[in-house]
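The values are calculated or read from the model by the stated rules, or taken from the named source; none is laboratory data. Because the structure is a prediction, the values reported are computed rather than measured. Note that we place each Cβ from the backbone using ideal geometry, even for glycine, and neighbour counts take in every protein chain shown.
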């Protein structure tokens with residue numbers, strides 16, 4: 001056990017990723033064998049993996065540091081506006097461009113403010129949904145470890161590949177179109193940028209992720225070729241937003257704040273050892 005504990009401390013990042021995949025993909029082999037009627041993708045994987053890894057490798061000190069990142073709320077009102085409104089702006093631009101190209105949007109007439117608020121509130125506290133299932137793990141646990149020995153741009157690119165591929169069962173068994181993988185990769189840069197610009201606040205990335213999943217391109221009700229074109233437009237719009245951060249906020253990609261890398265000297269050694 002001491003040898004395993006020592007190994008785990010020095011390989012926390014790869015162990016976390018493997019455990020996240022194992023939990024989220026748990027039903028994939030069972031479904032493939034015909035034992036389950038359908039594949040159940042479990043978004044809680046990263047959250048559960050972070051809880052397990054911190055308990056095994058770090059203990060109370062790790063839980064305290066992790067919880068501080070999750071509950072960090074003193075970031076300035078402007079960043080709350082960015083977290084909540086930027087995803088909606090990206091969707092609005094996507095829908096507007098698609099409708100300019102001739103797409104019909106029957107779903108807009110069915111949207112209500114109260115309905116969106118209910119969806120937002122439920123998603124915010126549901127660990128079996130993307131925001132709460134992913135953010136405490138991917139941003140709250142993995143990003144500080146990645147940035148302990150890497151530039152933010154490198155950390156975002158590596159995490160983008162991991163998170164995109166993590167969604168693969170949704171592509172294979174339905175629920176997400178193929179364009180969803182590159183879109184997931186690209187939008188990871190926005191989340192890492194927001195995480196760093198708010199001093200390592202998981203709360204803000206959680207709000208942003210939740211906003212992204214509440215008012216979506218699907219809310220327009222596009223169908224057929226219009227829906228396919230909308231997904232492609234959304235990818236381009238998100239990529240343009242990421243490019244904007246590269247052009248107008250270059251310092252954010254050169255150095256991460258201490259609060260977003262404050263994982264102690266052990267993390268630097270373990271991360272380098274696992275590279």
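So, in the stretch 55-68, exactly how many residues are under 22 Å from residue 206 (Cα atoms) and either surrounded by fewer than 16 Cβ atoms within 10 Å (Cβ to Cβ) or more than 19 Å from the chain's Cα centre (by Cα) (or both)?
Within the stretch 55-68, the first condition is being under 22 Å from residue 206 (Cα atoms), and the residues that meet it are 62-68.
Subsequent filtering for residues that are either surrounded by fewer than 16 Cβ atoms within 10 Å (Cβ to Cβ) or more than 19 Å from the chain's Cα centre (by Cα) (or both) retains 62-65, 67-68.
Of the residues in the stretch 55-68, 6 are under 22 Å from residue 206 (Cα atoms) and either surrounded by fewer than 16 Cβ atoms within 10 Å (Cβ to Cβ) or more than 19 Å from the chain's Cα centre (by Cα) (or both).
Go through the stretch 31-52 and give me each residue that's modelled with pLDDT of 95 or more and either assigned to a loop (DSSP other than H, G, I, E, B) or touching a strand residue (DSSP E or B) at 6+ places or on another chain (Cβ under 6 Å) (or both). Quick ask: steps written out before the conclusion?
Taking the stretch 31-52 first, the residues modelled with pLDDT of 95 or more are 44-52.
Listed by number, the list holds a single entry, 44.
Taking the stated definitions as given, is residue 18 in contact (Cβ under 8 Å) with a residue 40 or more places away in the chain and under 21 Å from the mean Cα position of the chain (by Cα)? So that I can check it myself, show each step before the final result.
Details: in contact (Cβ under 8 Å) with a residue 40 or more places away in the chain: no; under 21 Å from the mean Cα position of the chain (by Cα): yes.
It is false that residue 18 is in contact (Cβ under 8 Å) with a residue 40 or more places away in the chain and under 21 Å from the mean Cα position of the chain (by Cα).
Considering each of 158, 176 in turn, give the residue that is outside any helix (DSSP H, G or I) and within 16 Å of the chain's Cα centre (by Cα).
Working: 158 fails: outside any helix (DSSP H, G or I).
Result: 176 is the single residue among 158, 176 that is outside any helix (DSSP H, G or I) and within 16 Å of the chain's Cα centre (by Cα).
I need the helices (runs of 4 or more DSSP H) fully contained in the stretch 194-275, keeping only those with at least 2 residues that are at pLDDT 95 or above. Even if it seems obvious, please write down each step before you answer.
Working: elements: 202-214, 225-248, 251-254, 264-274.
The helices (runs of 4 or more DSSP H) meeting that bar are 202-214, 225-248, 251-254.
Against the condition at pLDDT 95 or above and under 20 Å from residue 183 (Cβ atoms), how does residue 88 come out, does it pass?
Working: at pLDDT 95 or above: yes; under 20 Å from residue 183 (Cβ atoms): yes.
Criteria met by residue 88.
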